[in-house]
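First comes the structure, then the notes that go with it.
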Amino acid sequence: MRYLCLCLILCAGAAHADCWKPVPSPKSLVFSASQAGAPFPGEFKSYTASLCLDPKDAARNRLEVQVDVGSVDTGLPEMDDALKGEDFFDQPRWPQAKFISDSLKQVSPGRYSVTGKLTVRGVTKPVTVPFSFAPAADGKQARLEAKLTLKRLDYGIGQGEWGDTQWVGDPVDLVFSVNFVPADR
């Protein structure tokens, strides 16, 4: 019986992925679009995520992210209210944007590629995002860096007059610079 218990404990320990949770900080989830040809930056201040990387079994790797679209901050309260409104994020109806990975694989040391489904405003599309992930030597923290360009109109962001790309550009760059710490096991 002792041998069976020891095997179960060892197997369970060997089979777990290293899971991480973010430590949200200013400018860790930022975006840049264009308005009337000029750059238009902002950030999302509230989000949660879970990243699990299993060095022995890539099928166990996963990334899930939930962003509170109501936490959008451009530094302009009037613009923030417009972005939360019906023409853009429609935050009362769709309070979160979500990403759930389908596959996540290491492409080289410290470099990964994650493919999954991004849902914004009730529209779900597949996306692939390359990212770097660098744990500190002590294993107590790590840094994830990524960049993704989306077309806002693919997700219905910009209804009515805001669907015209003359005033608000269609491409939106998202930049992630997120600190992670080990998740509780």
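So here's what we get for this one:
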quantity	calculated
Output for region 43-88, where each listed residue is touching a residue at least 40 places away in the same chain (Cβ under 8 Å), more than 20 Å from Glu145 (Cβ to Cβ) and part of a loop (DSSP other than H, G, I, E, B)	Lys56, Asp57, Glu86, Asp87, Phe88
Among the residues listed as Val114, Val178, Val172, Val123, the single one being among the β-branched types (Val, Ile, Thr), farther than 22 Å from Cys19 by Cβ and crowded, with 18+ Cβ neighbours inside 10 Å	Val172
Selection count where residues are part of a loop (DSSP other than H, G, I, E, B), within 22 Å of the chain's Cα centre (by Cα) and loosely packed, with under 14 Cβ neighbours inside 10 Å, scope region 138-164	2
Only one of Ala136, Ala146, Ala142 that is touching a Lys or Arg at 6+ places or on another chain (Cβ under 9 Å) and of a type in the set (A, V, I, L, M)	Ala136
Some residue of region 99-116 being assigned to a loop (DSSP other than H, G, I, E, B), touching a residue at least 24 places away in the same chain (Cβ under 8 Å) and under 23 Å from Lys45 (Cβ atoms)	no
Residue selected from region 128-137 under the condition surrounded by 16 or more Cβ atoms within 10 Å (Cβ to Cβ) and at pLDDT 95 or above, by the criterion farthest from Leu83 (Cα to Cα)	Phe133
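The values are calculated or read from the model by the stated rules, or taken from the named source; none is laboratory data. Predicted model only: the values in this text are computed from it and were never measured. Note that each Cβ is placed from the backbone with ideal geometry, even for glycine, and that neighbours are counted across all protein chains shown.
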